[in-house]
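Enquirer: Here it is, the structure in full.
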Amino acid sequence: MANACSEGIDVGFATLGYTEAAVLGVVQGITELLPISSTAHMRIVPHFFGWQDPGSAFSAAMQLAALGAVITYFWRDISSLSTSSVRALVHRQFDHPSFRFVFGIGLATLPIGVVGLAMAKLLNTCDTPLRTLPVIGAACLLMAALMALAEWRGSRKRDLAGFTMLDLMLVGFAQVGALIPGVSRSGSTLTAGLLLGFNREDAARLSFLLGLPAITLAGLKEIWVLTHAGLDAHAWSVLAVGLACGTVSAFAAVWGLLRFFERMSTWPFVIYRAAMGVLLLAISL
């Protein structure tokens with residue numbers, strides 16, 4: 001199905017109805033924060049229902065829904081880290097754990113910011129080859145293999161209290177992989193956390209907290225780009241419906257994933273991702 005374009009930007013969502021936008025908003029909100037690739041689902045759900053591909057701009061802007069959910073869920077953690085790190089900065093306590101964590105998150109965000117800007121035209125242009133089903137399917141299979149390796153080899157003996165700056169930087173570099181559709185930001189960072197030996201719940205918590213700056217910058221950048229894409233009132237209202245539905249479903253995804261990891265492993269996600277990759281490759285033939 002052809003993409004809809006405006007000023008060279010992939011804005012297929014502008015042709016959708018409100019019901020379609022609501023459904024895709026729910027799907028995007030859930031899959032954005034689970035390690036199963038929101039992009040894969042944004043391609044396969046419209047494919048099976050015969051809807052227009054919402055486009056990369058929709059997926060990027062919808063990250064603001066995930067941002068709202070993560071901030072709401074982790075508000076106490078974020079508030080405590082912010083207050084403690086500012087106090088430590090004022091008193092020049094640069095070795096304070098909160099300051100080191102916040103500073104480390106900032107540094108770890110630089111790789112995806114730099115690479116994302118460098119690849120912006122390729123990622124967001126209409127008919128980008130990176131958004132094709134074979135690429136997304138292959139990325140799903142690759143991440144399934146890496147997640148399986150992390151589950152098999154990870155010690156799961158560490159918690160966030162014992163983090164190092166190197167840990168944050170390594171997870172930050174893993175986050176760069178999320179620029180390839182099908183990899184999944186949460187999937188790449190969660191996998192990196194597990195490979196570094198963190199327990200599943202803290203690996204997920206690190207994934208969510210590390211994603212805050214990247215999600216904020218990517219979402220706001222896309223909204224800024226869309227304001228210059230000549231969208232009409234209907235397109236903006238469709239995006240608003242998607243964001244509203246996505247925020248609610250993203251909050252449920254955060255809550256559900258942390259509860260899930262209290263008792264379960266990542267193997268269900270490994271199997272799901274492998275099946276998704278096979279399915280995407282099959283329908284692309």
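The numbers here are math on the coordinates, done by the rules we state, and not lab data. The shown structure was predicted, so the numbers you read here are calculated from the model rather than taken from an experiment. Reconstructed Cβ throughout: ideal geometry from the backbone, glycine too, with neighbour counts over all protein chains shown.
Enquirer: Given [x] 53, 41, 32; [y] 58, 54, 33; [z] 63, 42, 30 as candidate values of Cα extents along the principal axes in Å, which corresponds to the one derived from the coordinates?
Expert: The value matching this structure is [x].
Enquirer: Please compute the net charge surrounding residue 262, taking Lys and Arg as +1 and Asp and Glu as -1 over other residues with Cβ under 11 Å from its Cβ.
Expert: Details: positive: 200, 259, 263; negative: 201.
Value of the local net charge: +2.
Enquirer: Moving on. Which length gain, in nm to one decimal place, applies between residue 282 and residue 78 when the Cα-Cα distance is subtracted from 0.36 nm times their residue separation? Could the numbers behind the result be given before it?
Expert: Working: separation 204, 0.36 × 204 = 73.44 nm, distance 4.27 nm.
Between residue 282 and residue 78, full extension yields an extra 69.2 nm.
Enquirer: For segment 60-104, just list the percent of Cα-Cα distances falling in each 10 Å bin from zero outward, please.
Expert: 28, 38, 26, 8
Enquirer: May I pose another question? Under the rule of -39500 (n - 2.57) per DSSP H run of 4 or more residues, summed and divided by the residues of the chain, what mean residue ellipticity at 222 nm is obtained, to the nearest 500 deg cm²/dmol? Intermediate values should be presented prior to the final figure.
Expert: On the way: 13 runs with 204 residues, N = 285.
Value at 222 nm, helices only, nearest 500: -23500 deg cm²/dmol.
Enquirer: Which of 103, 49, 198 moves the most in a Gaussian network model of the chain with Cα springs under 10 Å?
Expert: 49
Enquirer: Which whole-angstrom value gives the distance between the alpha carbon centres of segment 209-285 and segment 67-104?
Expert: Spelled out, the Cα-based centre of one part sits 25 Å from the other.
Enquirer: Right, here's the next one. Along each of its three principal axes, how wide is the spread of alpha-carbon positions in segment 83-185, in whole angstrom units, largest first?
Expert: Extents along the principal axes, in whole Å: 52, 36, 18.
Enquirer: Quick check of the Kirkwood formula: for segment 1-94, what is the inverse mean of 1/r over all pairs of different Cα atoms, in Å? Working shown, then result.
Expert: On the way: mean 1/r = 0.0653 Å⁻¹.
For segment 1-94, inverting the mean 1/r across all distinct Cα pairs yields 15.3 Å.
Enquirer: Moving on to the next point. Jot down the per residue volume, in cubic angstrom and as a whole number, of the convex hull over the alpha-carbon atoms of segment 240-285.
Expert: Working: hull volume 3.2 nm³, N = 46.
Taking only Cα atoms, segment 240-285 has a hull volume of 69 Å³ per residue.
Enquirer: Obtain the nm distance between the two label points defined at residue 119 and residue 275 by a simple spin-label model: each point lies 7 Å from its Cα along the Cα-to-C-beta direction.
Expert: Here the answer is 2.8 nm between the modelled labels.
Enquirer: For segment 146-233, take N as its residue count and report Rg(C-alpha) divided by 2.2 N^0.38 Å. Could the numbers behind the result be given before it?
Expert: Values: Rg = 15.6 Å, N = 88, 2.2 N^0.38 = 12.1 Å.
Against the empirical 2.2 N^0.38 Å value, I get 1.29 for segment 146-233.
Enquirer: I need the Kirkwood Rh of segment 214-259: take the reciprocal of the average 1/r across all distinct C-alpha pairs and report it in angstrom. Display every interim value, and only then the final one.
Expert: Values: mean 1/r = 0.0819 Å⁻¹.
The Cα-based Kirkwood calculation yields 12.2 Å.
Enquirer: For segment 182-284, take every pair of Cα atoms, bin their distances at 5 Å starting from 0, and report each bin as a whole percent.
Expert: Taking every Cα pair in segment 182-284, the percentages come to 2, 10, 15, 19, 16, 15, 13, 7, 3, 1.
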